[in-house]
1. Go through E438, E402 for me and flag whichever is surrounded by fewer than 18 Cβ atoms within 10 Å (Cβ to Cβ), more than 15 Å from A36 (Cβ to Cβ) and acidic (D, E).
2. Search the stretch 38-62 for residues being among the small types (G, A, S) and within 11 Å of the ligand (Cβ to nearest atom), and hand back the single one that is farthest from G361 (Cα to Cα).
3. Kindly check whether there is at least one residue in the stretch 80-89 that is in contact with an Asp or Glu (Cβ under 9 Å, 6 or more places away or on another chain) and either more than 23 Å from W419 (Cβ to Cβ) or more than 11 Å from the ligand (Cβ to nearest atom) (or both).
4. Which numbered condition trips up K259, out of (1) open to solvent by 40 Å² or more (accessible area, probe 1.4 Å); (2) over 17 Å from H48 (Cα atoms); (3) in a helix (DSSP H, G or I)?
5. Looking at the stretch 348-374, which of its residues are of a type in the set (D, E, K, R) and open to solvent by 40 Å² or more (accessible area, probe 1.4 Å)?
6. Taking the stated definitions as given, is N340 at pLDDT 95 or above and out of contact with any Phe, Trp or Tyr (no Cβ under 9 Å at 6 or more places or on another chain)?
7. Which of the following residues is crowded, with 22+ Cβ neighbours inside 10 Å, of a type in the set (V, I, T) and either within 15 Å of the ligand (Cβ to nearest atom) or not in a helix (DSSP H, G or I) (or both): V116, V65?
8. Condition check: in a strand (DSSP E or B), acidic (D, E) and open to solvent by 30 Å² or more (accessible area, probe 1.4 Å). Does E315 satisfy that?
Amino acid sequence: MKLTRLFFLAVFLCTSVTYSQNKIAVIGGGIAGVSAAHYLHEYDAGAHITLFEKEAILGGNAQTVEVTTTSGKKCMIDIGPQYFTEGPWDDYLAFLEQTIGMNTIRTESMAGTLLVQREAENIPLIVTPLNGKFRGEKLGKLLKLKKFNTAAYKVYKNPEQWKAISVQQWVEQLHFTEQYKQEIIYPFLAASLGTTVQDIRKTSVVEIVSLFAFRKPKASNSFRIMQDGMGGLIQQIGAKLEKDGVKIKTNSPVQSVKKHEKGYTIYYSENGKTSSIEVDFVVMAVHADIAAKLVKEDPYFGMATMTLEQLPYFEAHIVLHQDTNYINVEKPAFLNIFTNSENELTFSTMNLSLISPRLEGIYKSWMSGEDTQRVKEKGLLLHETTFYHPLITPEFVAHLQELKALSGKLEGVCIIGGWTEGLETQNSAVVSAKRAVEVYKNWK
Ligand SMILES: Cc1cc2nc3c(=O)[nH]c(=O)nc-3n(C[C@H](O)[C@H](O)[C@H](O)COP(=O)(O)OP(=O)(O)OC[C@H]3O[C@@H](n4cnc5c(N)ncnc54)[C@H](O)[C@@H]3O)c2cc1C
């Protein structure tokens, strides 16, 4: 008995060696900030961690909203990020397993079927088969899509090789007719990210291909979603972190971060007043444009600010609605892409009923302000949100390398977030959080 006690005491002393009294600030309560707080607490349970979130709730882009349909039905829907699949999202899934346990999470699957159609015409340019059933589309076009999937899978499997290559450079060397590239491939890729064809040409091919999570071409092409929403899960994890002793300050936007001899001062707003705290280590889990603003006044961050300011963002306006004008009702496909005569995307719409009967008659569109207004006037709008999304071009990836080299010199600071991994997903945000722990270990 005595020996067992001694053994536990020895184990306790060995493991507690890494504990400290360090004060850590995590700025940003999206999946990156929340998972960084979790991994830092796991590594150093003695550290005093405070997480600052600008909004009233945690989640960041991951926003699960409750909508009430015209027939009075209430549903929880992710208006921002919604899908994941095994493989590309394994770090994210492992994080959920470790914090709230996957067995408590209800998921739903869907087949990633696709329709591309000109806005002014009724006949689609292409519709992929639903549930494996061939529905009389031109076989040649469908086979080309399979060939496209095979090429995309190669990029997904060897991301390092393709990081410096833009979508345009990649598409140019694919063996398809120019017409097929312009009519189908570019609008499809632009719709996958929710931006214009012009933007998508400049994007890094790795970002877009991995975002759409191409799997082995022969595997069934199914994506999954969380029934309770990706945003809802982050809030559950936040509650668990608070129980573990992490201080979570919502409604508390950080205004600036300033370096001094002994560490950092974090200035933030709380109940309309400016407050500050002193910390030893800072994790910035906000987007590049915000990080740039937070450190702008401080000469120590000068070089990092310049790099951060060069990273481009675009606006993605997303609407949940019940207007059937934005899908093809006769040819049901999950992703409905509508283009104009110049093959530019006019809007794209996910038919959520193809995920679950629970979401019958509800659509999620990337659309202009004018279209949103039309939907609103018909009384069919359920929810709208504008997101700012990084446009991860090969130049963006090069700037990130500079930033990572620089952050080695910015002692006691780590810049993380989905975007810092050169591809923006919930998974890349978790990967970046693990990097924060590595930086912390080296600093400590
Ligand atoms: C429309 C859309 C669809 C997407 N679809 C998917 C998908 O299906 N699957 C997927 O995996 N990914 C998807 N993504 C990407 C995913 O949303 C991001 O990769 C992820 O949210 C990044 O997490 P993050 O924590 O780095 O950033 P964010 O989620 O942006 O979190 C940053 C947080 O910082 C807070 N903040 C900002 N300024 C301050 C301040 N001054 N002080 C304190 N806090 C501040 C913000 O309020 C926010 O909570 C999608 C993104 C968008 C926009």
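1. Details: E438 fails: more than 15 Å from A36 (Cβ to Cβ).
Only one candidate qualifies: E402.
2. A56
3. no
4. Just one mismatch for K259, condition (3).
5. Of the stretch 348-374, the ones of a type in the set (D, E, K, R) are 358, 360, 364, 370-371, 374.
Within the stretch 348-374, R358, E360, E370, R374 meet the criteria.
6. yes
7. Details: V65 fails: crowded, with 22+ Cβ neighbours inside 10 Å.
Only one candidate qualifies: V116.
8. Answer is yes for this residue.
The values are calculated or read from the model by the stated rules, or taken from the named source; none is laboratory data. In this text, all values refer to a predicted model and were calculated from it rather than measured experimentally. As a convention, Cβ positions derive from the backbone with ideal geometry for all residues, glycine included, and neighbour counts pool all protein chains shown. What goes into the accessible areas is simple: the full protein's heavy atoms, side chains included, and nothing from ligands, DNA or RNA. Shrake-Rupley method; radii C 1.70, N 1.55, O 1.52, S 1.80 Å.
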